[in-house]
Amino acid sequence: MNEIDDILLKQKEFAKHFINQFSSLGLKREDTIKFCLSIIKESTELLDEVDYKNIYWNTDKKDVFKYKIEEEIIDLFIFVLDLFILWNIDGDRVIELFEKKLEKNKLKYIKNIS
């Protein structure tokens, strides 16, 4: 068991009241949509915390607090964990997928940066 599995286990214990990873494909699709919409909502909250309106529309500056940014990032992370749980993706698979995607991104983007 790795650290990601530990985190997934803690979230699974909390989420067992509203996530059924053994539900039908149709219900999993519906739950995926709900989690994705929640991720979009949390993303807009993160944008608000970094005061994006001031950057793009030169509005009055808002104070930016790191602890609020961290809170919104964790909210995003929790919904991503819920997706892993829903689709029964364990920590080892998360690491495998991350490493594979990172290598793909390096090939795609690093050569364009140099």
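Read-outs: derived from the displayed coordinates by stated rules, not from any lab. All values derive from a computational prediction rather than experimental measurement. Using ideal geometry, Cβ is built from the backbone for each residue, glycine included, and neighbour counts are taken over all protein chains shown.
Scanning the stretch 7-25 for residues that are charged (D, E, K, R) and surrounded by 11 or more Cβ atoms within 10 Å (Cβ to Cβ) yields LYS10, LYS12, LYS16. Filtering the stretch 1-44 to residues that are part of a loop (DSSP other than H, G, I, E, B) and in contact with a Gly (Cβ under 6 Å, 6 or more places away or on another chain) leaves only ASN2.
Across the stretch 26-56, the qualifying residues are those that are surrounded by 14 or more Cβ atoms within 10 Å (Cβ to Cβ) and among the β-branched types (Val, Ile, Thr), and the one among them that is farthest from the chain's Cα centre (by Cα) is VAL50. Taking the criterion of being part of a helix (DSSP H, G or I) and not hydroxyl-bearing (Ser, Thr, Tyr), the residues of the stretch 45-56 that qualify are GLU45, LEU46, LEU47, ASP48, GLU49, LYS53, ASN54, ILE55.
When residues in the stretch 57-70 are screened for being outside any loop (DSSP other than H, G, I, E, B) and either among the hydrophobic types (A, V, I, L, M, F, W, C) or loosely packed, with under 14 Cβ neighbours inside 10 Å (or both), 5 of them pass. What number of residues within the stretch 82-114 satisfy the criterion of being β-branched (Val, Ile, Thr) and not in a helix (DSSP H, G or I)? Within the stretch 82-114, residues that are β-branched (Val, Ile, Thr) and not in a helix (DSSP H, G or I) number 1. The requirement of being out of contact with any Cys (no Cβ under 9 Å at 6 or more places or on another chain) and either surrounded by 11 or more Cβ atoms within 10 Å (Cβ to Cβ) or not β-branched (Val, Ile, Thr) (or both) is satisfied by ILE73.
Put simply, of GLU99, GLU71 the only residue that is under 30 Å from MET1 (Cβ atoms), more than 15 Å from the chain's Cα centre (by Cα) and not small (Gly, Ala, Ser) is GLU99.
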